[in-house]
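**Q** Okay, handing you the structure first.
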Amino acid sequence: MSNSKRASPARRRVALPRVLVIEANPGYRSVISHVVELAGGQFESVAEVQQGWRQLDSERTFDIVIVGVGADSPVSPDDVAKLRTAAHCPLIVVAESYDSAGDTLQVYEAGADQVLPKPFVPDALIGAIKSEIRRPGPASVVSLASRIEIGSLVFDAAQRRIVGAEATVSLTRREWQLLTFFLANPNQFFAADEIVQQAWGSNASVEQFRSYITRLRQKLVSFASYCEVVTERGKGYSFVIVQAERRSNQA
């Protein structure tokens, strides 16, 4: 029983929301990171926006991105838009250099979910983080069982990966949401805009979908004998699950 009690906190830590902190000022970066922990999250911090893009472009996934903006470390609305496109998760901007309501509006329009002033009240940032953590994703995102098997191929939702004899492939959060929609609707054709709305909601575009469908196809190459994403003009996109008898004929 005592061993079970000791293991419980570790299990809880694994489930903590992951927050990427981008802040050039070391003092602010430390404080924001500490506030993330107080809000019930775990953080990863970098100093520059370019470093943040690299983190978001990797296999790491984040639930929230917090960007600090200062007079010596400006972050433009274009930077905010690029971060939001790469992150596919809520974006909180903590800024001391947006002097007018018009500037702040531009940041919102670029993709920020919340904009807080610097210096900030820690409780306000905690509240903003908790608000974004509690906010559900698109209502239409299809829930998926923690483990689905197609022959010897395993789709592992907990780890966001596909495991087969041929390879093990990890997916980003956005890629997994796309695959989840397809797994729930196999062997059916859907238009791109319909998939975007069902898989991701209103915070994504068809252009983003086309980019991610290319990435997903590349990751499914190793498993082509089990499944593939096909496109037909006038019909759209379909996740085709290859029947077992067809696989045996190919063997």
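**Q** Under a cut-off of 16 Å between alpha-carbon atoms, report the aspartates and glutamates in cross-link reach of LYS130, not counting same-chain residues fewer than 8 places apart.
**A** GLU37, ASP63, ASP113
**Q** Cα gyration tensor of segment 27-102, axes a ≥ b ≥ c as square roots of the eigenvalues: rounded (a/c below 1.5), prolate (a/b > b/c) or oblate?
**A** Oblate is the answer for segment 27-102, as a/c is 1.5 or above yet b/c matches or exceeds a/b.
**Q** Can you work out the Karplus-derived ³J(HN,Hα) for every residue in segment 204-217? Use 6.51 cos²θ - 1.76 cosθ + 1.60 with θ = phi - 60°, whole Hz, and x for glycine or proline.
**A** Per-residue couplings from phi come out as 9, 10, 5, 4, 5, 4, 4, 5, 6, 5, 5, 5, 5, 4 Hz.
**Q** Counting only protein heavy atoms and a 1.4 Å probe, tell me what percentage of segment 23-99's accessible area is made up of carbon and sulfur.
**A** 46
**Q** I'd like the carbon and sulfur percentage of the solvent accessible area for segment 151-195, probe radius 1.4 Å, heavy atoms only, ligands and nucleic acids excluded.
**A** About 42 percent, which is the carbon plus sulfur part of the accessible surface.
The values are calculated or read from the model by the stated rules, or taken from the named source; none is laboratory data. Remember, it's a predicted structure, so these values are computed and weren't measured experimentally. Heavy atoms of the whole protein, side chains included, go into the accessibility calculation; ligands, DNA and RNA do not. Shrake-Rupley method; radii C 1.70, N 1.55, O 1.52, S 1.80 Å.
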